[in-house]
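Below: the structure, in structure tokens.
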Amino acid sequence: MSTLGRIDDLHISFGGVAAANGVSFSVERGELLALIGPNGAGKTTVLRMVAGILRPDRGRVFFDDHDVTALPAHARVRRGLGFTHQIVRPFYGFSTIENVMLAAGHDRTASPWRAIAGRSRTKARQKAQAFLDRFGLGAQAEQSPRTLPLGQRKRLEVARAIALEPKLLLLDEPLAGLSSVEALAVADLIRALPGQGVTIVLVEHNLSEVLRVADRLVVLDAGKVLAEGAPADVMARADVRQAYTGVL
Amino acid sequence: MLFAELIVKGLVYGCMYAMMAVGLTLVYGLLRILHIAHAGVFALGAYMAVTVTNATGSLAFGFVIAAAVSAVAGIAIYRLAYQPILHHSAFVPMVVSIGLFIVMQEGFRLIFGAYGIAFDDNPWYVAHVDLAGISLTYVEIAMVVMSVVLLVGFGLFAGLTRAGIGWRATVTDPQMATSFGVDPVRVRYLNFLFGSALAGIAGGLVGLLNNYVEPTMGGAVSYKALAIVVLGGLGSVRGTLIASLVLGVVESFGAIYLADIFDRDAIGFLFLIVVLMVRPQGLLGRR
Amino acid sequence: MSAYIASLVSVIGINLILALGLNIITGFCGQVSLGHAAFYGLGAYTAAYLAKLGAPLPLTLLAGTAMAGAIGIVVGLTSLRVRHDFLAVTTMGIGFVFLGFVRKQKWLGGELGISGIPGPGLDAVPYALLIAAFAMAVAALSLWIKLSWMGFTFDAVADDEDAARTVGVNVSTYKLTAFGIGTALAGTAGGLYVYFARIILPDTFDFVQSIAVLTMVVIGGTGSVWGVFASTIALTLLPEVSRAAADYRLLIFGAMLMLVMRFSPGGLAGLVHRRRPA
Ligand SMILES: Nc1ncnc2c1ncn2[C@@H]1O[C@H](COP(=O)(O)OP(=O)(O)OP(=O)(O)O)[C@@H](O)[C@H]1O
Ligand SMILES: [Mg+2]
């Protein structure tokens, strides 16, 4: 396995309070890495810095052998570094399939020149329908995301990100708010992604699902990496248990 | 000496802008509406002041009526124009506000005529006093005194009374305030009442200052007040007050030193655009 | 075609180009502009100035278009930096800065504007048809954009900028594109207006003009090409219907803005279709 993404010594503080205080770890090609930690540990913040939504005060982000620290989020997406939002953000003005079509036609939207040159949406629609089918949303294609229950919105968020054909996908709590049956189904979909060539960094509080699907864990606490390694080893550590029970 | 005079005149105008801009800021802070129709309320105040004063001979009575009618108009605008469309995106209330402003302006033209009205008896816009070599008319002095009294009064009310604290809390964070038992709808009415009364008084004072009231008089002032609200960081009363004075002074200098390049009304916006290029969050706003 | 009809066609054509241009910025891309008349004016002043120097019509038109589009992109740059609500006030400000500038320029005729502009080298009727042809071309361009991937992407930017970034859309580039196209079209309209009116006054390009164009867009249905097309023609003809309609034109515009937003924020098009019509 080779390293696909690496972050090196990321720092950021909000109003003098450090939310990330020297975070470093890397993700290998084809693995499912789970980033866990108590509430407020800085998981979302780290993910947003990796995605390029937040600019770190210090530190670097490497992706696919390039330093992408200076790139804005959309440019990282174009290089294959996709992300989803903790609170789902579908285009509410679009139908479900249109949401995925826009992502599936990402070569079309790369520049205004290309975008104005073409009209045909047939191919993108076919691709989008296939992604929807894969994520169990085939029947909801023409509905507005407003009408979808949360579980389906979460799937849509992942389907849209996958339609961009990313190499690495950052998922922020895709299971939050789902019933245990739904969570199981979505977790299975996520588990299948590395086999399809998409490396995953998963932030998730649902520990039973995390332990079921993750290849490796990174534990974050108070803006620092507390532990890293195989799930069983990490969860056995006293300091990790302490970090969770100390807060919860 | 010119220097000091420009500063003082700028501050006088700044006080007038502050009376306009505070109402806009309160409305923005609470409802996220760019309340362009505030310009119409300003002109309404001016028309009330001039017609009532001319009819009764009492300036004080004219201004009381101006403030009261403007306050009622402000509440009516909220209730009838904005409240039914608050659930739409900010674009919709803004367009409604523009439409309402045009209707008011054209309404004044139809009712009061296109050519404007003067006060029958207005010695105060020429009579002046010398203060350390700077001459100020009585109206200019009244403008400063009125704005300071009203705004300080408002500040005391907002800072010291229970209702005022609820009000401030609502403007800062409506949801939070609601959960502490403040009635947000009452605060909205208070907002429009107070902001509109201030605008009406400002309109009356500007009418006195120029001894002339015309249908379009609200335009330039309130566009600048909008610029001030943005400069002040949108929704911050303190920022708005400071920005009002800054803009008044900048305009007063600009009107002299840039006279060959830009007219007076352009200077405020030029300043706004330059500031936004450097500080996109406004002069005092936070990101 | 009588001279009266020719002048009506010319005015309708110019208004169509203005409204369809603003529709690309506000309707397609969701960026508020309250200063569209400034770009109309930039195009007009550029074309008039060059025409007086003896430049031929194609050149002046092109220069007016390029000037308005270039400044439009600069203004678009502020839209990238400021909050959404600021943009309305900033674009309004651009209008005042433009007017405040030309009014003070002696070389642009100051308050009196530019007069004695040479004719287009065409009679009134063929010139009106030329304007109409431009308007049709702009309508066709609008429809093409709307149905192309550009329109799809504009929709996404207007709907949710953060979500658009998630799918790899360079939001800034698309916003600047919208501003560039929309304001350049306003410049074209300005250039065409110059040869039609043969005299330009600063006040033609004031805030009221910006609002009039916005009214055409909003009444038609922000984002709908057909809606804007129809409402522009209707609102331009309104003052011709009767003396009263001409006198109370602004009052009617204001009242329509309020009523349409209150009862059908999607404009005329919103009454016909339910969601994002072409
Ligand atoms: N934009 C911001 N401004 C100020 N503070 C912030 C901001 N974003 C995050 N923080 C703070 O940084 C810390 C880390 O927050 P973050 O959202 O990254 O935690 P998290 O691990 O994702 O938590 P959760 O599990 O609850 O989602 C918290 O203390 C939070 O309050
Ligand atoms: Mg989080």
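Readers should treat all values here as calculations from the given coordinates under stated rules, not as data from a laboratory. Values in this document were obtained by computation on a predicted structure and should not be read as measured data. Backbone-built Cβ (ideal geometry, glycine too); neighbour counts: all protein chains shown.
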**Fill in**
Note on chain A: contact order normalised by length, alpha-carbon pairs under 8 Å, 6 or more apart, percent, works out to 27
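For a footprinting-style exposure proxy, rank B:Cys15, C:Cys29 by other Cβ within 10 Å, fewest first.
The fewest-first ordering by Cβ neighbours comes to B:Cys15, C:Cys29.
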**Asked** Using 7 Å Cα-to-Cβ label points, what is the B:Leu80/C:Val74 separation (nm, one decimal)?
**Response** 4.4
**Complete:** Once the in-chain neighbours fewer than 8 apart are removed, the aspartates and glutamates whose Cα is under 15 Å from C:Lys175 read C:Asp155, C:Asp159, C:Asp160, C:Glu161, C:Asp162
**Fill in**
Dividing the helical contributions, -39500 (n - 2.57) per DSSP H run of n ≥ 4, by the residues of chain B yields a 222 nm value, nearest 500 deg cm²/dmol, of -24500 deg cm²/dmol
**Complete:** The computed P(r) of segment C:32-138 puts the percent of Cα pairs beyond 23 Å at 37
**Fill in**
Toy charge model, Lys and Arg Cβ at +1, Asp and Glu Cβ at -1: the protein assembly as shown dipole around Cα centroid in debye, rounded to 20, equals 1240
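When the helices in chain A are scored as -39500 (n - 2.57) per DSSP H run of 4 or longer and the sum is shared across all residues, what 222 nm value do you end up with, to the nearest 500 deg cm²/dmol? If you can, show how the numbers build up before the last one.
Values: 10 runs with 93 residues, N = 248.
Per the formula, -10500 deg cm²/dmol.
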**Prompt:** Amide H to amide H, which residues 5 or more places from A:Phe83 or on other chains are under 5 Å from it, using H placed in the peptide plane?
**Reply:** A:Leu170
**Prompt:** Taking Cα centroids, how far is segment C:1-72 from segment A:115-158 in Å?
**Reply:** 40
**Prompt:** To the nearest 0.05, how large is the calculated FRET efficiency for A:Val181 and A:Ile87 if R₀ is 22 Å and r is the Cβ-Cβ distance?
**Reply:** 0.50
**Item:** Angle between chain C longest axis and helix C:36-52 axis [Cα atoms, degrees, rounded to 10]
**Value:** 30
**Computed Rg/Rh of segment C:3-205, alpha carbon atoms with Kirkwood Rh** = 1.00
**Fill in**
Listing A:Glu173, C:Glu240 by rising number of other beta-carbon atoms within 10 angstrom, fewest first, gives C:Glu240, A:Glu173
**Asked** What residue among B:Val50, B:Val148, B:Val22 shows peak mean-square fluctuation when chain B is described by a Gaussian network model with Cα springs under 10 Å?
**Response** B:Val148
**Item:** Förster radius 56 Å - calculated FRET efficiency between A:His205 and C:Arg243, Cβ distance, rounded to 0.05
**Value:** 0.20
**Message:** Using a Förster radius of 35 Å, what is the FRET efficiency between B:Val72 and C:Ala234 based on their Cβ-Cβ separation? Nearest 0.05, please.
**Reply:** 0.45
**Prompt:** So for the protein assembly as shown: antiparallel DSSP bridges make up what percent, rounded to the nearest 5?
**Reply:** 65
**Fill in**
Net charge (Lys, Arg +1; Asp, Glu -1) of residues whose beta-carbon lies under 15 Å from that of C:Trp107, C:Trp107 excluded, is +2
**Prompt:** Listing C:Trp144, B:Trp167 from the residue with the fewest other Cβ atoms within 10 Å to the one with the most, what is the order?
**Reply:** C:Trp144, B:Trp167
**Prompt:** Any idea how far the Cα center of segment C:102-172 sits from the one of segment B:146-198, in Å?
**Reply:** 44
**Asked** Given springs between every Cα pair under 10 Å in a Gaussian network model of chain B, which of B:Arg238, B:Arg109, B:Arg162 has the largest fluctuation?
**Response** B:Arg162
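For segment C:195-275, what is the Kirkwood estimate of the hydrodynamic radius, computed as the reciprocal of the mean inverse distance between distinct Cα atoms, to one decimal in Å?
13.5
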**Request:** Filter the DSSP H helices in chain B by two things, a Kyte-Doolittle mean of at least 0.5 and an axial alpha-carbon span of 24 angstrom or more, and list the hits by number.
**Result:** B:2-31, B:38-56, B:59-76, B:91-112, B:138-160, B:184-210, B:237-257
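How high is the relative contact order of chain C, in percent, counting Cα pairs under 8 Å that sit 6 or more residues apart?
35
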**Request:** Would you mind checking the radius of gyration and Dmax of segment A:85-165 based on alpha-carbon positions, in Å?
**Result:** 12.2, 37
**Asked** Could you state the principal axis extents of the C-alpha atoms in chain A, from the largest down, to the nearest angstrom?
**Response** 56, 41, 38
**Complete:** Contour minus Cα-Cα span, B:Arg32 to B:Ser58, at 0.36 nm per residue, comes to 5.5 nm
**Asked** Which percent of Cα-Cα pairs in the protein assembly as shown sits in each 20 Å bin, short to long?
**Response** 14, 41, 33, 11, 1
**Prompt:** In segment B:1-86, what is the volume of the convex hull around the alpha carbon atoms, normalised per residue and reported in Å³?
**Reply:** 113
**Degrees, to the nearest 10: A:122-134 long Cα axis against longest axis of chain A** = 40
**Request:** Could you grab the relative contact order for chain B? Cα pairs under 8 Å, six or more apart, rounded to a whole percent.
**Result:** 36
**Message:** Restricted to Cα positions, what overall size does segment B:2-278 have along the principal axes? Three whole-Å values, descending.
**Reply:** 55, 47, 36
**Complete:** Note, segment A:90-102: 3J(HN,Hα) by Karplus (6.51, -1.76, 1.60, θ = phi - 60°), whole Hz, Gly/Pro = x, goes x, 7, 6, x, 9, 6, 4, 5, 4, 4, 6, 4, 4
**Message:** Quick check: Cα centre of segment A:40-102 to Cα centre of segment C:180-228, how many Å?
**Reply:** 39
**Prompt:** For segment C:237-251, in order, what is each residue's ³J(HN,Hα) by Karplus, 6.51 cos²θ - 1.76 cosθ + 1.60 with θ = phi - 60°, in whole Hz (x at glycine and Pro)?
**Reply:** 6, 3, x, 7, 5, 8, 4, 5, 4, 6, 5, 9, 3, 5, 4
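Based on the inverse mean of 1/r over its pairs of different Cα atoms, what is the Kirkwood hydrodynamic radius of segment A:145-185, in Å?
Values: mean 1/r = 0.0910 Å⁻¹.
Evaluated on segment A:145-185, it is 11.0 Å.
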